[in-house]
Amino acid sequence: MNTIFKFSFGAALLSMAMTVSAQDKSFTKFSKQDLIDDMKLAMEILKKQHPNPYKFIDSVSYQRKSDSLLRKMEEQSDVFACNQYSPLGLLRDVHTNLAYSDESSRDMYSKIRFLPFPVIIERDKMLVNAKGLQLPFGSEIISINGLKTEELIRFATNLSYSDGWINTGNDRSYADFQTRFSLRNVQQENHEVSFLAPGSKNIKKVTMPSATPSQAFNSGRQSIMPLNQLQRAHFIYSDFQPATQTGILTVNSFNLQEAYAYKEFSEFFKELNKLKYKNVIIDIRSNGGGNPAISALLYSFLSDKSFRNEYNYRTRTIDMSYAEYAVAQGRRMSEEDISNNRNFLYQRFDKDSTSGFYIGNARLKEGQLENFPPDKDAFKGDVYVLTGGGTVSAATYFAALVQRNKRGLIVGKETGSGEQSTTAAWFLTYQLPKTRSILTVPMSELYFFNSSSDNGRGVLPDRSMPIEKFVGYVRESQDPEVTYTLELISNKNNAPGK
């Protein structure tokens with residue numbers, strides 16, 4: 001049987017573009033009403049197709065708030081400004097996504113007058129994120145065009161949702177702030193900026209002309225943060241720090257083949273043990289997920305005993321609604337595609353009469369190793385795991401394994417997806433008829449550790465960095481979480497009795 005849906009625990013994060021068809025309409029050739037009509041359709045699709053649309057919002061509030069946001073879209077002067085009122089975030093699901101086609105995104109980008117600098121958003125601070133611009137790198141933004149920082153961050157947060165009640169989504173999206181903010185008024189000629197330069201207590205004001213698309217793109221490419229660009233250019237990357245006897249393993253995805261993942265993990269931990277290093281930092285701040293079995297595989301290199309590797313899937317429906325809009329691999333899904341998809345799910349999910357949900361059965365869990373043994377080269381020293389809002393899906397599961405088994409410290413911020421549950425595994429894509437945008441809908445929920453509920457929170461850190469330290473590290477062009485963790489290790493190594 002041809003598998004229509006590739007198994008993937010993670011999903012693409014919010015993006016400004018997705019290539020679909022060479023015959024997509026240009027962005028300027030669909031109207032504001034076209035966008036609103038497609039958004040209404042998207043919300044109707046989600047009602048029927050999402051595996052649990054009312055987990056964090058009831059149906060009445062869903063409809064009322066959707067209608068309110070759609071009315072705000074109708075009040076906007078143009079199609080660009082409508083983007084800030086998308087109702088998709090009402091589901092509080094990190095994996096649900098709506099993206100314009102590549103052609104529409106290019107056309108849109110070419111017509112915007114941009115905020116002329118990229119930013120870093122960290123809790124209640126917004127900092128300039130590039131050197132060589134009119135504003136010094138690391139300057140703290142006080143206001144832009146009369147909007148105070150708290151309003152700017154609230155605006156960014158509304159567009160950067162995570163699972164449930166998690167509020168760290170800005171970690172994944174602050175790099176897009178230039179574009180998202182500029183969409184509010186694409187003809188803005190100048191920007192009035194109030195700021196505090198590094199080391200200064202006096203607020204300064206400057207008027208900056210809007211950037212052209214080329215200028216905005218170039219300034220975005222000059223962003224300093226994140227600093228670990230080399231580490232993020234690979235699925236897995238390893239560093240060794242002799243001064244603190246620390247190995248650093250950066251893992252940017254768990255959507256990996258087992259043979260490749262095992263080879264990389266094994267080589268790193270063999271070297272760590274050979275060097276007799278006493279500490280390991282595992283950086284999953286930008287890990288968007290993948291296969292939870294690979295998360296368990298990595299944890300097996302940290303555990304000194306067998307551990308429980310338990311998770312299961314459930315969904316409200318195994319049928320396909322609005323099939324006339326469903327696409328796969330750049331084409332409309334055929335009747336055979338749809339039938340194959342339903343049969344695949346029908347064989348692997350059983351209806352639970354009590355909850356009304358379909359629950360994954362033994363066939364779905366075939367090959368899942370629930371009593372997972374430690375690896376022969378497992379590390380015995382101290383473990384630090386770096387997390388943030390970009391830690392999603394299977395990466396959250398890895399952090400939860402570390403924390404639940406008391407095997408190390410979680411350092412950073414709350415993960416971007418739920419500790420108990422998230423959406424996962426298979427995804428449907430719909431091409432909306434008027435804008436040709438692509439709606440991505442997860443087909444199931446995944447419950448870690450066989451949880452029966454979801455409190456809407458991610459894995460919470462054991463150590464959070466003070467904001468003053470974060471700002472200081474950034475201005476010194478040091479990776480904040482890595483530097484902070486190495487200081488923790490150094491302080492531990494230099495403690496009395498060591």
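The values are calculated or read from the model by the stated rules, or taken from the named source; none is laboratory data. No experiment lies behind these values; they were computed from the predicted model shown. Virtual Cβ from ideal backbone geometry, glycine too; neighbours counted across all protein chains shown.
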* Residue list for region 44-87, filter: of a type in the set (Asp, Glu), in contact (Cβ under 8 Å) with a residue 12 or more places away in the chain and not in a helix (DSSP H, G or I) -> 78
* To do: Look at residue 210 and say whether it is closer than 30 Å to residue 134 by Cα, over 25 Å from the mean Cα position of the chain (by Cα) and hydroxyl-bearing (Ser, Thr, Tyr).
  => yes
* Asked: What number goes with the only condition from (1) out of contact with any strand residue (DSSP E or B) (no Cβ under 9 Å at 6 or more places or on another chain); (2) under 27 Å from residue 240 (Cβ atoms) that residue 457 does not pass?
  -> (2)
* Can you confirm whether region 200-214 contains a residue that is part of a helix (DSSP H, G or I) and buried (at least 18 other Cβ atoms within 10 Å of the Cβ)? => no
* Asked: Restricting to region 215-234, what's the tally of residues that are assigned to a loop (DSSP other than H, G, I, E, B) and either at pLDDT below 95 or within 30 Å of residue 108 (Cβ to Cβ) (or both)?
  -> 7
* Does residue 366 satisfy the condition of being under 30 Å from residue 328 (Cα atoms), among the acidic types (Asp, Glu) and over 18 Å from the mean Cα position of the chain (by Cα)? -> yes
* Restricting attention to region 441-450, does a residue exist that is within 30 Å of residue 325 (Cα to Cα), surrounded by 14 or more Cβ atoms within 10 Å (Cβ to Cβ) and of a type in the set (S, T, N, Q)? -> yes
* Structure fact -> Among the residues of region 283-301, the number that are part of a strand (DSSP E or B) and within 18 Å of residue 412 (Cβ to Cβ) is 1
* Structure fact -> Residue set 400, 424; condition more than 26 Å from residue 486 (Cα to Cα) and of a type in the set (A, V, I, L, M, F, W, C); output residue 424
* Please state which one of 407, 463, 436 is loosely packed, with under 15 Cβ neighbours inside 10 Å, touching a strand residue (DSSP E or B) at 6+ places or on another chain (Cβ under 6 Å) and among the charged types (D, E, K, R). => 463
* Every pair of residues 6+ apart whose Cβ atoms lie under 6 Å, when the first sits in region 371-391 and is in a strand (DSSP E or B) while the second is crowded, with 18+ Cβ neighbours inside 10 Å and of a type in the set (S, T, N, Q) -> 372/300; 372/309; 382/279; 384/485; 387/415
* Asked: Would you say residue 413 is surrounded by fewer than 24 Cβ atoms within 10 Å (Cβ to Cβ) and basic (Lys, Arg)?
  -> no
* Asked: What pairs can you find where one residue is in region 450-474 and more than 24 Å from residue 164 (Cα to Cα) and at pLDDT 95 or above, the other is in a helix (DSSP H, G or I) and not acidic (Asp, Glu), and their Cβ atoms are less than 6 Å apart, with a gap of 6+ or different chains?
  -> 470/480; 473/480; 473/483
* Unique residue being more than 29 Å from residue 488 (Cα to Cα) and among the hydrophobic types (A, V, I, L, M, F, W, C) when the list is 296, 323 -> 323
* To do: Go through the residues of region 135-157 one by one and say whether even a single one is touching a Leu at 6+ places or on another chain (Cβ under 8 Å), modelled with pLDDT under 95 and either among the aliphatic types (A, V, I, L, M) or surrounded by 14 or more Cβ atoms within 10 Å (Cβ to Cβ) (or both).
  => yes
* Any residue in region 176-188 that's assigned to a helix (DSSP H, G or I): show its pairings with residues that are among the β-branched types (Val, Ile, Thr) and surrounded by 20 or more Cβ atoms within 10 Å (Cβ to Cβ) at Cβ separation under 9 Å, as long as the two are six or more apart or on different chains. => 177/119; 177/121; 178/119; 179/112; 181/119; 181/144; 182/112
* Asked: In the set 277, 260, 237, which member is in contact (Cβ under 8 Å) with a residue 60 or more places away in the chain and either crowded, with 16+ Cβ neighbours inside 10 Å or assigned to a helix (DSSP H, G or I) (or both)?
  -> 277
* Take the residues in region 215-226 that are under 23 Å from the mean Cα position of the chain (by Cα) and surrounded by fewer than 18 Cβ atoms within 10 Å (Cβ to Cβ), then tell me which one is nearest to residue 131 (Cα to Cα). => 222
* **Qualifying position, being under 30 Å from residue 464 (Cβ atoms) and either in a loop (DSSP other than H, G, I, E, B) or in contact (Cβ under 8 Å) with a residue 24 or more places away in the chain (or both), among 304, 319** => 304
* Residues of region 88-132 being of a type in the set (Gly, Ala, Ser), assigned to a helix (DSSP H, G or I) and in contact with an Asp or Glu (Cβ under 8 Å, 6 or more places away or on another chain), which ones? -> 104
